[in-house]
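Worksheet: the structure to be examined is printed underneath.
Here, each number is a calculation from the coordinates, and none is a lab measurement. Note that the coordinates shown come from a computational prediction; the quantities given were computed from them, not determined experimentally. Backbone-built Cβ (ideal geometry, glycine too); neighbour counts: all protein chains shown.
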Amino acid sequence: MIKSILPIYLASKSPRRRKLLKQLGISFKSFTIELNEEILDGEHPIQTVRRLAEHKSFLAVKKIKKGIVITADTIVVLNNEIIGKPKNRKDAFQILSKLSGKTHQVYTGFVIVNTVRGTKISGYERTLVTFKRLSKKEIDDYINTGSPMDKAGAYGIQDDFGAVFVKKINGCYYNVVGLPLAKLYNSLMEIL
């Protein structure tokens, strides 16, 4: 359990990230940061998630005068192509069709800032995820739930039907959900 005399803030609109942080027994407040999560051509996935988490951190710290601020960003990568959140239903179908029967990588970058000390820790995690072959009906049924629309790679491994797409994972499960909990916990202990 983490105890902090400083308030802890999660700058994320993701309900999944809020749920994960609660798992650590942390008392925190959350707020959203509006950011166009731009993917740059030729940028390595590690640089992408770190840059986006850093940019979110920069914006979040402007709102918080005193406390610990956590930001994160998650992307899916297949054959060196970065796949973000789907733009629409057609895009979600194309993304899930691409991932079908293949192994992709999930990267999450995070930044933790102690605004009082002026210190910062950043990190990332990478997890390999293998999908089973998906039928057109499975993809259509999943898209009809609306669940893929706010998730990198157009699927969630937790809490919904997207879980049955995953044949196996190699690495941190929680990273695929949206926060690499073990690394985040260790970094929080260090920054406090």
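Picking from residues in the stretch 149-170 that are touching an Asp or Glu at 6+ places or on another chain (Cβ under 9 Å) and not small (G, A, S), the one that is surrounded by the fewest Cβ atoms within 10 Å (Cβ to Cβ) is V164. Among the residues of the stretch 29-42, those identified as surrounded by 13 or more Cβ atoms within 10 Å (Cβ to Cβ) and either of a type in the set (S, T, Y) or not in a strand (DSSP E or B) (or both) are S30, I33, L35, E37, I39.
For the stretch 108-130, taking the residues that are within 18 Å of G162 (Cβ to Cβ) and surrounded by 16 or more Cβ atoms within 10 Å (Cβ to Cβ), the one that is nearest to the chain's Cα centre (by Cα) is identified as T108.
Quick grid of which residues meet (1) more than 16 Å from the chain's Cα centre (by Cα); (2) surrounded by fewer than 13 Cβ atoms within 10 Å (Cβ to Cβ); (3) more than 18 Å from G178 (Cα to Cα); (4) among the hydrophobic types (A, V, I, L, M, F, W, C):
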| site | (1), (2), (3), (4) |
| --- | --- |
| L10 | no, no, no, yes |
| S14 | no, no, no, no |
| P45 | no, no, no, no |
| A92 | yes, no, yes, yes |
| K98 | yes, no, yes, no |
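Of the residues K102, K168, K132, K183, the single one that is out of contact with any Gly (no Cβ under 9 Å at 6 or more places or on another chain) and either of a type in the set (S, T, N, Q) or over 23 Å from I39 (Cα atoms) (or both) is K168. Looking at (1) assigned to a loop (DSSP other than H, G, I, E, B); (2) in contact (Cβ under 8 Å) with a residue 40 or more places away in the chain, which one does R126 not meet, given that it meets all the others? Checking R126 against (1) assigned to a loop (DSSP other than H, G, I, E, B); (2) in contact (Cβ under 8 Å) with a residue 40 or more places away in the chain, the one that fails is (1).
Looking across the stretch 171-192 at every residue that is in a loop (DSSP other than H, G, I, E, B) and touching an Asp or Glu at 6+ places or on another chain (Cβ under 6 Å), the one that is surrounded by the fewest Cβ atoms within 10 Å (Cβ to Cβ) is identified as C172. Mind listing whichever residues of the stretch 61-90 are of a type in the set (S, T, N, Q) and either exposed (fewer than 12 other Cβ atoms within 10 Å of the Cβ) or under 18 Å from G162 (Cα atoms) (or both)? Hits for the stretch 61-90 are T74, N79, N80, N88.
The number of residues in the stretch 1-28 that are outside any loop (DSSP other than H, G, I, E, B) and either touching a helix residue (DSSP H, G or I) at 6+ places or on another chain (Cβ under 9 Å) or within 18 Å of A53 (Cα to Cα) (or both) comes to 12.
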